[in-house]
């Protein structure tokens, strides 16, 4: 089901990747494997558990007019203080276009395909989205897989933050 909803501020904790870090099929699988392999994901899971937030595996795309940064990690409440050495991105309170559905696996889809499918789903539901997400004051796409106590995926949520258009000329200053 797709709807517009107000969300509270959140903190994304994880690893930032440039667009050039996508693997050969255009997905973030290699970034996830790196996060798992270097032990950072286990540390993030401990932080999520201590925060009382639902266990999750999340991807955040922060768009700009000409590119994006793709984060892999977890989402926690904004008030959580994170240990030194971890990277974070603060997401504001906002209206979002939100869709949630049951899931049992994290699909390694090419990022472009995932985002296009999400935009299509919202447009078919009659939700008006920014024409160019990278030219808004909230250029964020957030996908979160929720996990149960055994670490199994139970659902996936996709959110597009609904910001207002910005003046593209500001990027040339």
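Some notes on this structure:
- Selected residue (criterion: nearest to residue 8 (Cα to Cα)) from residues of region 150-161 that are surrounded by fewer than 19 Cβ atoms within 10 Å (Cβ to Cβ) and touching a residue at least 24 places away in the same chain (Cβ under 8 Å): 157
- Residue in region 121-131 that is outside any strand (DSSP E or B), more than 17 Å from residue 4 (Cα to Cα) and touching a residue at least 12 places away in the same chain (Cβ under 8 Å) present: no
- Test: residue 15 is under 16 Å from the mean Cα position of the chain (by Cα) and more than 30 Å from residue 128 (Cα to Cα): yes
Read the figures in this text as sums done on the coordinates, not as results from a lab. Here the structure is a predicted model, which is why all the values come from computation and not from measurement. Cβ atoms come from the backbone with ideal geometry, glycine included; neighbour counts cover every protein chain shown.
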